[in-house]
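The structure under discussion appears below in the form of structure tokens.
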DNA sequence: AGATTCTATACAATCGGTTTCATTGCAAGT
DNA sequence: ACTTGCAATGAAACCGATTGTATAGAATCT
């Protein structure tokens, strides 16, 4: 690939002039500009972005730490991030962390070693441990889909408590009182927040919370199927299942059907996230809409502001959720 | 962040020695090595990866061109790519092309401008147009999930023709003769290959191909639902639906159910890809397993070889598919 | 005309490492 | 004692662009 020197020689000017021909053409005389552009064209010259970045100390890339790339929800968030990134001329580096602290630390080092300008982390895990170092704070960092612990960096999230409360209230309003809960992983904040929202709704209706009606497990279809089986075989009187993700719900529905239950007649099931498949389920899934793409867009927008030193708007963004009523939950008859 | 000069000063050595302390410690005396390492530790020095890359002209990053990041299949392929990349110390740049040629070209320029060492493209579209330039050939390029046109770069794919033939044969063996086809986009090679496989199977059973039984549409649930509606309302005698993706199948199933059909009693449906949701569908989806993660792994492995100039093994890889028999297709009664 | 300003361009430093080549010092060989 | 060889280290070039400063020539002013 031709370099700036080749072009400058061919045009009979200095490398500086060639550089300016691209970065600040107004500074050059018409004649010189012509010659330089012609020479660059002839040699198919493209400035080495790497050299530019090295000189300027701005990589124009942002690293995204994703706990699981194959996860539908994260994929959608990533898609939102990508849109805003490309609109603003940023490249995206992507790393699948598998919730591994070492990988996350390596990610932060990418900024320290000038491979990326900032880091967007998706999911539960924040910078807790790394934060104590103090210097980690200096890294432009945005956290998306996190769960509301007060932190000193911008975050984008939904109000899990309120959304869960709304969904549980809906279920109660339909007359359900024995509601099984298929929760996510036990140690996750998001799980606790959603559980607390659920309990709040229960309380509002004067119903006591029964811990034996809660089953914890992974946020996956397989997890939902297993937890569902345990819960349904333990409690025959359950009339509704409040689950903490659409995938869990879909797994639980499979189990319920396999157990010979009729849905939604015998059992109401609700999800969380509103992934596309929920709409095509049988029965179509009543769930909480989580604006995944939008979360990604907002996260990347915050990152742009951060990198431009224009941290204007509110840095702790809570996006609105919405109840999506379909037919997997119905009035208790 | 401390630089190499700071460390060298503190350790009382030259920058060259500090550099060697990291890249080739054996070359240094025990004493010096100790001092340098101590100084680096004290200053929390980390070599600027950017400067290293600039000097060495190897970015250790690979760009992945994904037509749609939110697509389940691509997300899984990406996940496989990521695993191999991180195992081999490569960073991943990701770009959502939306099948836009300009974005694809910009991707190739990333290599020419030294931001990436190579490009992995996912999906149908190859380098056709860019190839004529000739110079594009010099870019380390791997194409995954493509469709078998002879090309001068490594590819990873499945045998769409054979897989479709196998699935169609299975359907015929179950006694189905009036089989509706919900195809993907009309202009895609993958669509034609799968259709040809289907026709081959038909021919083997001496059944004539009826073009009116084919409906084209996007590879999505919405597309499947729409095409399904058109097909089922046009032809009441269809006993099975051969669809070209699981998403299409899931959409079509929704439509069939909404039409009041009983599945699989009244209608058999088959998918393609074996996405996880198929297992939890109602009825669980009979489909063709496409090894998405594996495709990604192989693609990235090929890229590694390419970048190491060890293009040993076969560059045109065709991975095995498998019929996944569940219950959405059954014997015609 | 001579002084002053402005314009267009060149020169050279710079970004932060790596690497080649040269140099020094010490041990082994003759 | 004098070379020879090797190990350890430093000096400086280099990667390919950008940019601050200097300068020559043209234009403007007095």
_Among (1) in a loop (DSSP other than H, G, I, E, B); (2) touching a strand residue (DSSP E or B) at 6+ places or on another chain (Cβ under 6 Å); (3) farther than 26 Å from residue A:174 by Cα, there is one condition residue A:238 misses while meeting the rest; what is its number?_
(3)
_Just checking: which of the helices (runs of 4 or more DSSP H) contained wholly in region B:1-64 hold 2 or more residues that are near DNA strand C (Cβ under 7 Å from one of its atoms) and touching a helix residue (DSSP H, G or I) at 6+ places or on another chain (Cβ under 7 Å)?_
B:4-11, B:15-23, B:49-56
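Here is a yes/no grid of residues against (1) facing chain B (nearest Cβ under 9 Å); (2) in a loop (DSSP other than H, G, I, E, B); (3) crowded, with 23+ Cβ neighbours inside 10 Å:
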| site | (1), (2), (3) |
| --- | --- |
| A:247 | yes, no, yes |
| A:251 | yes, no, yes |
| A:257 | yes, no, no |
| A:261 | no, yes, no |
| A:269 | no, no, yes |
| A:284 | yes, yes, no |
| A:288 | no, no, yes |
| A:293 | yes, no, no |
| A:296 | no, no, yes |
*Enumerated strands (runs of 3 or more DSSP E) restricted to region B:87-154, each holding at least 2 residues that are modelled with pLDDT under 85, away from chain A (no Cβ under 14 Å) and more than 20 Å from residue B:193 (Cα to Cα)*: none
*List, please: which pairs have Cβ atoms under 6 Å, are six or more places apart or on different chains, and start with a residue in region A:1-27 that is within 14 Å of chain B (Cβ to nearest Cβ) and end with one that is assigned to a helix (DSSP H, G or I) and near DNA strand C (Cβ under 9 Å from one of its atoms)?*
A:4/A:15; A:4/A:18
*If you scan region A:208-233, which residues turn out to be within 14 Å of chain B (Cβ to nearest Cβ), outside any helix (DSSP H, G or I) and surrounded by fewer than 18 Cβ atoms within 10 Å (Cβ to Cβ)?*
A:218
*Are any residues in region A:30-51 free of Cβ contacts under 8 Å to residues at least 40 places away in the same chain, facing another protein chain (nearest Cβ under 9 Å) and surrounded by fewer than 18 Cβ atoms within 10 Å (Cβ to Cβ), and if so, which ones?*
A:51
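Each row is one residue, and each column tells you yes or no for (1) near DNA strand D (Cβ under 9 Å from one of its atoms); (2) over 30 Å from residue B:124 (Cα atoms); (3) buried (at least 18 other Cβ atoms within 10 Å of the Cβ).
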{"residue": "B:7", "(1), (2), (3)": "no, yes, yes"}
{"residue": "B:15", "(1), (2), (3)": "yes, yes, no"}
{"residue": "B:25", "(1), (2), (3)": "no, yes, no"}
{"residue": "B:56", "(1), (2), (3)": "yes, yes, no"}
*Where residues in region A:155-165 are outside any strand (DSSP E or B) and in contact with a helix residue (DSSP H, G or I) (Cβ under 8 Å, 6 or more places away or on another chain), which of them is nearest to residue A:138 (Cα to Cα)?*
A:160
*Select from region B:74-86 the residues that are within 10 Å of chain A (Cβ to nearest Cβ) and in contact (Cβ under 8 Å) with a residue 12 or more places away in the chain and list them in ascending order.*
B:74, B:76, B:77, B:78, B:79, B:80, B:81, B:82, B:83, B:85
*asked:* Considering only region B:311-326, I want to know if a residue exists there that is out of contact with any strand residue (DSSP E or B) (no Cβ under 9 Å at 6 or more places or on another chain), part of a helix (DSSP H, G or I), closer than 30 Å to residue B:89 by Cβ and touching a residue at least 40 places away in the same chain (Cβ under 8 Å).
replied: no
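The values are calculated or read from the model by the stated rules, or taken from the named source; none is laboratory data. Values in this document were obtained by computation on a predicted structure and should not be read as measured data. We place every Cβ from the backbone using ideal geometry, glycine too, and count neighbours over all the protein chains shown.
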